[in-house]
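Below is one structure, written out as C-alpha cells, with a few remarks after it.
The values are calculated or read from the model by the stated rules, or taken from the named source; none is laboratory data. Note that the structure is a prediction, hence the values are computed from the model and not measured. With ideal geometry, Cβ positions are generated from the backbone for all residues, glycine too; neighbour counts draw on all protein chains shown.
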2 protein chains.
Amino acid sequence: MHAQSIEYETVAENATPDVSPVLYVLPSPSVDDPPAEPVRADASAPLLRPDDLGVTRGDGIFETINAVGGRPQALEAHLARLQRSAAMLELPAPALDMWRRAVQHAVAAHPPVPELLLKLVMTRGVEGSGRCSGWVVAFPNSDFSRERAEGIAVLTLDRGYPADVMTTAPWLLQGAKTLSYALNMAALRHVRALGADDAVFVSSDGQVLEGPNSTIVAKLGHRFVTPPNDLGILAGTSQARLFEWAQRRGMSAAYDRLTVDDLHRADTLWVCSSGRQAVPVRSLDGVPRTWDADLHAAALAHLLTA
Amino acid sequence: MHAQSIEYETVAENATPDVSPVLYVLPSPSVDDPPAEPVRADASAPLLRPDDLGVTRGDGIFETINAVGGRPQALEAHLARLQRSAAMLELPAPALDMWRRAVQHAVAAHPPVPELLLKLVMTRGVEGSGRCSGWVVAFPNSDFSRERAEGIAVLTLDRGYPADVMTTAPWLLQGAKTLSYALNMAALRHVRALGADDAVFVSSDGQVLEGPNSTIVAKLGHRFVTPPNDLGILAGTSQARLFEWAQRRGMSAAYDRLTVDDLHRADTLWVCSSGRQAVPVRSLDGVPRTWDADLHAAALAHLLTA
C-alpha cells in the first residue's frame, strides 16, 4: 500500500518560491471542541482526509486576511464574518479565540514580508465525525503594485438571482463566504478569456452586487457607495476600512443600491479585497474610465498602513 | 512540529462500522498527466494538501456510482458525465481509462456487499501546480430499503435562477456536477428541519428542475417524463436506466418541461439517484400522494439488477 501518492511538485501560485507557507492546524476549531492550542504542521504535506466534507461538498467557510507589516488588518471584522458564515451554514460556532491565536502564531512564525496573506478555513469535517476541521495558512501576498497603480478592466456578469434572493431563499447561502467557490472561479476564467481582469456580478433585476472575490465601491460626487448586504453579498472588510477613512476625511459613505449606469457615472470606481486592498477600475464593460488619482493614492496609503 | 493534528475518530456516515472504505488514488487523473496506474492508499489517512483547490474553492467535480453485486451500474454514463463536468469547469479532460481502472480496482479490493458506492473525485489540484488531484473511494451503500418501499416526503424549493440560465450565464456552472455543493447541503438541511426527507428545486419561472442530489421522474398516464438537461440540470444516470426499462416495456419516456402542478397530477413520482436508485414520493409539499406499487417494485427490481 502506497501511503500518499498524489505528487506535489510546485509551490502555491501566490507564494514567493523561496518562502514556505506556514500552517497552523486547529484541534479546536469550534466551540463544541475541547479547547486545545493550534499546532504547527507542514503546509506541503497532506492534511485532509478524502472524506472531509470540505472537499467532497465544498461544505465549509473561509476568510482571507492581509497582515501588513506583521499586523493582521481588520482581524475582528474577519472573525465576525467567519462567525456569520458559520451560522448561515449551521456549522458549530467557531472558537474565535483559537482562530485569533492561530493567526497570531502564523504571523509570528512567518519570516517578515511586506504583506502576508492569512487564509482561515473551517470545514464541516470528516463525514459522520461531527467534528469540524480548521486551519490557517500564511503566505506572502502577490505583488499587486501594478493593479493598484494602473487599475483593472472589469466586466459585468449576470449572477442569475434576483436582488431579494437572500430573504426569499436562504438555502442558496447568498451572503455566506463558503468553500463552494467553483462558480466564482468560473466567472473569473470567463472574463479573463475576454481579456478583462475581473468581474462584477449584477442581479437578474439589475442591482450591482459584488465581484467573485471583492466588494465594489463607487464614488459619486462626495459620496462613497457600496451595495447593501441584504442583496445577499458579503460585508467587505477592505471596503469598510475605505468607508472609515472617507468618513474621517469628511466625505459621506453609504450602503445603497447601485445600477450599472450608476457605476458608469461614478467619479472613481474601486474593487476592494483583502489581497488587493483597493484597485481602481480603468474600464467597465469595455468603456474606459478615469479616477481621482490623488484620492486613490491617499486611500491606498491608508489601507496599507499597518 | 506536529505532522498531522486533525483528529479522526469516527467512520463515514454511510459506512458499515466494521468495513473500512477502500481508496485508490490516481497519479494520472487527467490526459495531461503521464500515464500511471491507480494506487491503493489508506482511506483513513490525510490525502489532500490544505492548498488543494478542491477544498479551498470547491473547484473540482465528482460522480457517485452504485456497484450492485460487484458490478458498477451505468459506469460509462457516469464517466461521460465526469468528462462533461470537466469541460464545463475547463479542467483537463479526465483520463477515463485510469478512472475505469480505479473503479475496477476499488470494487475488487472491497469485501463483497450487496451495494457498494464508489465516489470519484477530481479536483483542480494544488494551487499553482497545474496538476489535478483524483481518487476513488468505495464504501457500502446505506440501507435505503425503507425509503424504497415506503417513499419519501419532498418539498419544492426555489432555485433562484430562471430556466434559461445555463445558456445565458454559463459561468454559473449549472449542469456541472461540481464539488461546490454547500447550497445543496443547505437545501437538504432546510427541508429536513421542516420534517421532510428531500427537496426538488424549481426555477424562478416555475420549471421543475432536479433534487439537490437526484433527478425527478413523473409518470403521467403511460408517459415517463423528466425535465430536459438544457434547464441547467444533470443528466440522471438512474433516471436514464428507468427510462430504458420503461421503453422496453412499451411505455413512452421523454424529456419535457414540468411544472409543480404536473408533479401533483402524476400517477407516480420518483426521486432517482445512484444511492437510492428510485424512491417514490409519498408527499409533495405536504400533500399525500399514492404511487403504482407494482410498477415501482418492478422498476426497482430492474434497477437493482447487477
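Any chance segment A:153-176 includes a residue that's surrounded by fewer than 18 Cβ atoms within 10 Å (Cβ to Cβ), touching a Lys or Arg at 6+ places or on another chain (Cβ under 9 Å) and modelled with pLDDT of 95 or more?
The answer is no; no qualifying residue exists.
If only one of B:Leu120, B:Leu173, B:Leu220 is hydrophobic (A, V, I, L, M, F, W, C) and at positive phi, which one is it?
Of the residues listed, the single one that is hydrophobic (A, V, I, L, M, F, W, C) and at positive phi is B:Leu173.
Go through segment B:237-306 and tell me which helices (runs of 4 or more DSSP H), entirely inside it, have 3 or more residues that are in contact with a Lys or Arg (Cβ under 9 Å, 6 or more places away or on another chain).
B:237-248, B:293-303
(1) buried (at least 20 other Cβ atoms within 10 Å of the Cβ); (2) among the charged types (D, E, K, R); (3) in a loop (DSSP other than H, G, I, E, B): which one isn't true of B:Lys119, the others all being true?
Failed condition: (3).
Need pairs with beta-carbon distance below 9 Å; first residue at positive phi and within segment A:71-82, second modelled with pLDDT of 95 or more and of a type in the set (D, E, K, R); sequence gap 6+ or separate chains.
Qualifying pairs under 9 Å: A:Ala74/A:Arg241.
Taking segment A:87-138, which residues are among the charged types (D, E, K, R), touching a helix residue (DSSP H, G or I) at 6+ places or on another chain (Cβ under 9 Å) and in contact (Cβ under 8 Å) with a residue 12 or more places away in the chain?
The answer is A:Arg100, A:Lys119, A:Arg124, A:Glu127.
Of (1) among the small types (Gly, Ala, Ser); (2) buried (at least 20 other Cβ atoms within 10 Å of the Cβ); (3) closer than 30 Å to B:Arg192 by Cα, B:Ala149 satisfies all except one. Which?
Only one criterion in (1) among the small types (Gly, Ala, Ser); (2) buried (at least 20 other Cβ atoms within 10 Å of the Cβ); (3) closer than 30 Å to B:Arg192 by Cα is unmet by B:Ala149, namely (2).
Of these, B:Glu244, B:Glu210, which one is at pLDDT 95 or above, surrounded by fewer than 23 Cβ atoms within 10 Å (Cβ to Cβ) and not assigned by TED's automatic domain parsing to the domain that holds B:Trp135?
Answer to the check: B:Glu244.
Being touching an Asp or Glu at 6+ places or on another chain (Cβ under 7 Å) and facing chain B (nearest Cβ under 7 Å) is the filter here, so list the residues in segment A:182-203 that pass it.
A:Ala182, A:Met185, A:Arg189 - these are the residues of segment A:182-203 that are touching an Asp or Glu at 6+ places or on another chain (Cβ under 7 Å) and facing chain B (nearest Cβ under 7 Å).
Between a first residue in segment B:25-50 that is within 9 Å of B:Ala95 (Cβ to Cβ) and a second residue that is among the aromatic types (Phe, Trp, Tyr), which pairs have beta carbons less than 9 Å apart while being 6 or more apart in sequence or on different chains?
B:Leu26/B:Trp99; B:Leu26/B:Trp135; B:Pro29/B:Trp99; B:Pro29/B:Trp135
Restricting attention to segment B:190-201, which residues are surrounded by fewer than 21 Cβ atoms within 10 Å (Cβ to Cβ) and of a type outside the set (A, V, I, L, M, F, W, C)?
B:His190, B:Arg192, B:Gly195, B:Asp197
Give, as residue ranges, the strands (runs of 3 or more DSSP E) completely inside segment B:19-87 that count at least 1 residues that are surrounded by fewer than 24 Cβ atoms within 10 Å (Cβ to Cβ), more than 7 Å from chain A (Cβ to nearest Cβ) and under 20 Å from the mean Cα position of the chain (by Cα).
In segment B:19-87, the matching strands (runs of 3 or more DSSP E) lie at B:22-25, B:60-68.
One line per residue, one yes/no per condition, for (1) β-branched (Val, Ile, Thr); (2) in contact (Cβ under 8 Å) with a residue 12 or more places away in the chain; (3) touching a strand residue (DSSP E or B) at 6+ places or on another chain (Cβ under 9 Å):
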site	(1), (2), (3)
A:Trp171	no, no, yes
A:Lys177	no, yes, yes
A:Asn184	no, yes, yes
A:Ala187	no, yes, yes
A:Val191	yes, yes, yes
A:Phe201	no, yes, yes
A:Ser204	no, yes, yes
A:Ile216	yes, yes, yes
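Condition check: at pLDDT 95 or above, in a helix (DSSP H, G or I), over 22 Å from B:His78 (Cβ atoms) and assigned by TED's automatic domain parsing to the domain that holds B:Leu155. Does B:Val191 satisfy that?
Considered against the rule, which asks whether it is at pLDDT 95 or above, in a helix (DSSP H, G or I), over 22 Å from B:His78 (Cβ atoms) and assigned by TED's automatic domain parsing to the domain that holds B:Leu155, B:Val191 comes out as yes.
Return yes or no: is B:Ala187 in contact with a helix residue (DSSP H, G or I) (Cβ under 7 Å, 6 or more places away or on another chain) and buried (at least 24 other Cβ atoms within 10 Å of the Cβ)?
Yes, satisfied.
Yes or no, residue by residue, for (1) within 30 Å of A:Val113 (Cβ to Cβ); (2) of a type in the set (Lys, Arg); (3) surrounded by 20 or more Cβ atoms within 10 Å (Cβ to Cβ):
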| residue | (1), (2), (3) |
| --- | --- |
| A:Trp270 | yes, no, yes |
| A:Ser273 | yes, no, yes |
| A:Gly286 | no, no, no |
| A:Arg289 | no, yes, no |
| A:His302 | yes, no, no |
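Every residue, every condition in (1) within 18 Å of A:Thr237 (Cβ to Cβ); (2) of a type in the set (Lys, Arg); (3) in contact (Cβ under 8 Å) with a residue 12 or more places away in the chain, yes or no:
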{"position": "A:Trp270", "(1), (2), (3)": "yes, no, yes"}
{"position": "A:Ser273", "(1), (2), (3)": "yes, no, yes"}
{"position": "A:Val279", "(1), (2), (3)": "yes, no, yes"}
{"position": "A:Arg289", "(1), (2), (3)": "no, yes, yes"}
{"position": "A:Asp292", "(1), (2), (3)": "no, no, yes"}
{"position": "A:Leu295", "(1), (2), (3)": "no, no, yes"}
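I need a count of the residues in segment A:139-157 that are part of a strand (DSSP E or B) and touching a residue at least 60 places away in the same chain (Cβ under 8 Å).
7
Which residues, counting only those in segment A:193-217, are more than 19 Å from the chain's Cα centre (by Cα) and of a type outside the set (Ser, Thr, Tyr)?
A:Ala193, A:Leu194, A:Gly195, A:Ala196, A:Asp205, A:Gly206, A:Gln207
Does segment B:104-149 hold any residues that are within 14 Å of chain A (Cβ to nearest Cβ) and aromatic (Phe, Trp, Tyr), and which are they?
Within segment B:104-149, B:Trp135, B:Phe139 meet the criteria.
Given the structure, is B:Ile233 of a type in the set (Val, Ile, Thr), in the same structural domain as B:Leu295 (by TED's automatic domain parsing), assigned to a loop (DSSP other than H, G, I, E, B) and more than 25 Å from A:Glu90 (Cα to Cα)?
Yes.
For every residue, the table says whether it meets (1) closer than 24 Å to B:Glu127 by Cβ; (2) out of contact with any His (no Cβ under 7 Å at 6 or more places or on another chain).
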| site | (1), (2) |
| --- | --- |
| B:Val25 | yes, yes |
| B:Pro38 | yes, no |
| B:Asp42 | no, yes |
| B:Arg49 | yes, yes |
| B:Arg57 | yes, yes |
| B:Ile61 | yes, yes |
| B:Val68 | no, yes |
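Go over the candidates A:Leu157, A:Leu173 one by one and state the one that is at the interface with chain B (Cβ under 8 Å from one of its Cβ atoms) and under 18 Å from the mean Cα position of the chain (by Cα).
A:Leu173
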